[in-house]
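Working notes for the structure below.
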Amino acid sequence: MSERALTLDLPGADLPGAGDPVITDVIAGALSSIDSSLPGASSQAGGTLGIEAGADQVLLILVDGLGYELIQDHLGHTPTLRRVRDDIRSIHTVVPSTTAAAITAFGTGARPGATNMVGFSVAYGGGVMNLLAMEGGPAPTEWQPTPTYFERLAAADVSSAVISPARFAGSGLTGAALRGARHVPAESLSDRVSAALRELRAGTPVVYLYWSEIDHAGHSSGVGSDAWIGCLEEFDAGLSALLRGLPAGVRTVMTADHGMINVEHSALVDVAATPALREGVRIVAGETRAVHVHAQEGHAADVEARWRDVLGENAWILSRDQMGTLIGPGDGASIIGDLLVLARGNGGIVDSRTQSASAIAMPGVHGSLTSTEMRIPVIVLS
């Protein structure tokens, strides 16, 4: 549950209040459906999320980028989800509302401040490191020290399986968020459905199926585009096949890591083209909707003042001592740097000195505090 009400003055931000369910509660609640004494299980979380006890196995489905509002807005394309529309609960993801932060929160039960998974990219070694890959960086266990649910289950001799494409097996994010589970490579959605059913029929107690394609289509083509709708319809059809094939005694819980908005490119602010934003800044990291600003030594206060003046009501800006309220306690704030800049409306902040033209041109983005980005579904499907 959210540890406390958020007291920062962030008008328009959609944030959880004290006791509200969040993404860190999903696995805890799902495990309680098997046995409330399992490591990490929480009957309280299960009750809040409507996950009933009495299951023999758990199937967790995470659909990258399929936020609660996006499901509600596109039920006409999803007959399987439409049949359970009254059972779709809305909860919050973490801040920033992005894959590295949210999937690690999902997999550990800890907020980004503790996991150090604070964005798409972070300042590291004088440059910028992508946290999805962590190429050239430390081992995931060194960067992200919090034990995962899957590690804790393994220590209690409870096996688990993660089903996703082979390319994810050795990624930084998999090591940070999902270590402790056995990776089962499967490429297409039908392959992943078949793999999940095989694992469940073989008796694997906890099975996790990951679907990234809707998020990819949103980034490349935009939410609501033909490509995005096609991926959504494909997933819904695959979900139907999966549910038809489930053995008895499986509790199936579906969620997402974040939502997504379509950015207005006319509302993008380029640091490279804005002298007041460049001045005194050492490194810009993060992502379009959740920017990390590292000031040159001794310039943090001046940098903050200029960024607030330039961006005004187009962004929520948090200084380092304010970040912990949103990301949780731990070292995460020091990794983010001097400022966390979260875009409002449909704009964003980019830096053409370090970002490619294709990255800046992406129509679908996320990471900030709007309800479309922050609200995610929890659906108990069996």
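The values are calculated or read from the model by the stated rules, or taken from the named source; none is laboratory data. Note that the structure is a prediction, hence the values are computed from the model and not measured. So basically every Cβ, Gly included, is an ideal-geometry build from the backbone, and we count neighbours across all protein chains shown.
Take the residues of segment 273-292 that are not hydrophobic (A, V, I, L, M, F, W, C) and not in a loop (DSSP other than H, G, I, E, B): which is surrounded by the fewest Cβ atoms within 10 Å (Cβ to Cβ)?
In the first step, residues of segment 273-292 are kept if they are not hydrophobic (A, V, I, L, M, F, W, C); the result is 274-275, 278-280, 282, 286-289, 292.
Those left that are additionally not in a loop (DSSP other than H, G, I, E, B): 275, 278, 282, 286-287, 292.
On the way: Pro275: 10, Arg278: 16, Arg282: 15, Gly286: 27, Glu287: 25, His292: 24.
Step by step, filter segment 273-292, then rank; the result is Pro275.
Can you list the helices (runs of 4 or more DSSP H) found entirely within segment 305-382 that contain at least 1 residues being in the same structural domain as His92 (by TED's automatic domain parsing) and at negative phi? Spell out the reasoning first.
Values: elements: 320-327, 332-336, 357-360, 371-374.
Answer list for segment 305-382: 371-374.
Counting residues in segment 32-47 that are surrounded by fewer than 21 Cβ atoms within 10 Å (Cβ to Cβ), of a type in the set (S, T, N, Q) and in contact (Cβ under 8 Å) with a residue 40 or more places away in the chain gives one or more.
Which members of segment 156-203 meet the condition of being polar (S, T, N, Q) and within 27 Å of Glu135 (Cβ to Cβ)? Across segment 156-203, the qualifying residues are Ser160, Ser164, Ser171, Thr174, Ser188. Residues in segment 26-68 that are within 23 Å of the chain's Cα centre (by Cα) and on the phi > 0 side of the Ramachandran plot: Gly40, Gly50, Gly65.
Only one entry of Gly54, Gly137, Gly109, Gly125 meets the criterion of being surrounded by 21 or more Cβ atoms within 10 Å (Cβ to Cβ) and of a type outside the set (D, E, K, R), and that entry is Gly109.
Take the residues in segment 312-330 that are small (Gly, Ala, Ser) and over 21 Å from the mean Cα position of the chain (by Cα); name whichever of them is farthest from Gly286 (Cα to Cα).
Step one: list which residues in segment 312-330 are small (Gly, Ala, Ser), which gives 312, 315, 319, 324, 328, 330.
Among the residues that remain, those that are also over 21 Å from the mean Cα position of the chain (by Cα) are: 312, 319.
Details: Gly312: 20, Ser319: 15 Å.
Ranking the candidates gives Gly312 first.
Please go through segment 170-190 and pick out each residue that is touching a strand residue (DSSP E or B) at 6+ places or on another chain (Cβ under 9 Å) and within 19 Å of Pro138 (Cβ to Cβ). Within segment 170-190, Gly170, Gly172, Thr174, Leu178, Gly180 meet the criteria.
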